Amino acid sequence: MGMYVPSDSFGGKSPEKKASDLLRTLFTFCAAKIVMAQLEGSGRGGLGSYNTGAYQDLTDFLHAHPMRDGDTWLELLLKKNEMLALRVLEVRKAYCKEDFEWDICRQVAAKDMHEANVRLLRSRAEEAFLRSSTDTPGTPPV
């Protein structure tokens, strides 16, 4: 049986739903960067920029409206430049479905969690050891 996460922990959302929301914003940001690279002409060799006007529009929009929530950001972009927003939507969908490395994400998350736990526990143990070695007998620990 798995662990129980109280339903009010994330405003009534499951941890998986909360992670999904955060990943959607990450995918939106990745999609915006991919579209910017495409518009800039990255990978086109000597051909140079493909669409400098749209590139500048997207760059300016991203600077003017920092992305905190991918869907809210896309709603704003849809109002300003519908064609550009539709392109970001399509790239976001494709990136999520075809290019994001789900297995690697899980492996990296587990590895990083383990390393962070070890680092935190080691640091705490070092602090406790140093404190115990400097305490004089009869003096209560701080």
Test: residue in the stretch 54-77 that is in a helix (DSSP H, G or I), touching a Phe, Trp or Tyr at 6+ places or on another chain (Cβ under 8 Å) and crowded, with 17+ Cβ neighbours inside 10 Å: yes
Residue in the stretch 43-62 that is more than 19 Å from residue 102 (Cα to Cα), touching a residue at least 24 places away in the same chain (Cβ under 8 Å) and within 19 Å of the chain's Cα centre (by Cα) present: yes
Boolean, residue 31 is among the small types (Gly, Ala, Ser) and either over 15 Å from the mean Cα position of the chain (by Cα) or surrounded by fewer than 14 Cβ atoms within 10 Å (Cβ to Cβ) (or both): no
Of all residues making up the stretch 1-16, the number that are loosely packed, with under 12 Cβ neighbours inside 10 Å and of a type in the set (D, E, K, R): 2
Test result for residue 23, part of a helix (DSSP H, G or I), hydrophobic (A, V, I, L, M, F, W, C) and closer than 20 Å to residue 109 by Cβ: yes
Every residue from the stretch 76-123 that is basic (Lys, Arg) and within 19 Å of the chain's Cα centre (by Cα): 92, 93, 97, 106, 111
Yes/no for residue 111 being in the same structural domain as residue 35 (by TED's automatic domain parsing), modelled with pLDDT of 95 or more and assigned to a helix (DSSP H, G or I): no
Pairs with Cβ under 8 Å, 6+ apart, first in the stretch 99-128 and touching a residue at least 60 places away in the same chain (Cβ under 8 Å), second of a type in the set (Phe, Trp, Tyr) and assigned to a helix (DSSP H, G or I): 100/27
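The values are calculated or read from the model by the stated rules, or taken from the named source; none is laboratory data. Because the structure is predicted, anything quoted here is derived from the model rather than measured. Glycine gets a Cβ as well: all are built from the backbone with ideal geometry, and neighbour counts include every protein chain shown.
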